[in-house]
Amino acid sequence: MRTVILDERLQSVREGAPGELCLSGPGLARRYWNQPELTARTFIPDFFCADARARLYRTADIVRRRLPDGQFAYCGRVDDQINLRGFRVEPAEIESALNACREVGDSVVIVREDVPGDRQGKVDRAALPEPRFDSKTAARRPVETRLERIVSSLLMTRVIDADTDFLQMDVHSLLAG
């Protein structure tokens with residue numbers, strides 16, 4: 001197995017500089033099964049090898065070669081993939097699944113290092129902060145936003161939201177024109 005460290009232009013980096021770790025060699029797979037787009041992004045021609053069929057596998061790990069021992073120092077990832085308790089997790093895949101839910105407008109998945117818990121990764125649920133939800137600033141479905149504008153216009157009042165108490169505003173059906 002041969003290793004090379006490349007910059008974003010796929011050029012070799014100078015010794016000690018960070019770059020993406022790429023692998024090449026006879027034991028390396030040549031493609032992802034039934035995933036041609038991922039294969040094209042990840043298995044690139046090995047321009048360091050005379051064999052035109054040779055491929056470099058882009059690991060997406062950012063490393064730098066430590067001098068003088070030659071070992072690699074891990075610096076991070078090119079993408080957002082994380083390793084959580086030994087499992088590879090793609091936040092984008094979780095976001096995609098959440099966004100497919102009708103009730104979800106948009107989502108962002110992040111890893112929090114400051115969640116209270118123990119060394120085995122068990123979360124202390126009692127120590128978590130209360131979730132904050134403000135219906136006035138929360139993401140809304142387009143139909144809700146349109147209805148709020150229409151009702152506000154009809155009632156000739158300030159902008160209303162899902163929590164507006166019409167009785168407190170002294171608005172009722174008898175006043176409707």
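The values are calculated or read from the model by the stated rules, or taken from the named source; none is laboratory data. Owing to the predicted nature of the structure, the values given are computational and were not obtained by experimental measurement. So basically every Cβ, Gly included, is an ideal-geometry build from the backbone, and we count neighbours across all protein chains shown.
Structural remarks
- Boolean, Ser135 is at pLDDT 70 or above and of a type in the set (Ser, Thr, Tyr): no
- Failed item in (1) part of a loop (DSSP other than H, G, I, E, B); (2) at pLDDT 75 or above; (3) surrounded by 10 or more Cβ atoms within 10 Å (Cβ to Cβ); (4) among the charged types (D, E, K, R), with Glu95 passing the rest: (1)
- Contacts under 8 angstrom Cβ, first residue in the stretch 30-46 being more than 16 Å from Glu20 (Cα to Cα), partner loosely packed, with under 14 Cβ neighbours inside 10 Å and hydrophobic (A, V, I, L, M, F, W, C), 6 or more apart: Tyr32/Leu38
- Tally, over the stretch 81-91, of residues that are loosely packed, with under 13 Cβ neighbours inside 10 Å and either within 16 Å of the chain's Cα centre (by Cα) or charged (D, E, K, R) (or both): 5
- Residue ID - surrounded by the fewest Cβ atoms within 10 Å (Cβ to Cβ), chosen from residues in the stretch 39-57 that are part of a strand (DSSP E or B) and touching an Asp or Glu at 6+ places or on another chain (Cβ under 6 Å): Arg55
- Among the residues listed as Val78, Val63, the single one being surrounded by 16 or more Cβ atoms within 10 Å (Cβ to Cβ) and within 22 Å of the chain's Cα centre (by Cα): Val63
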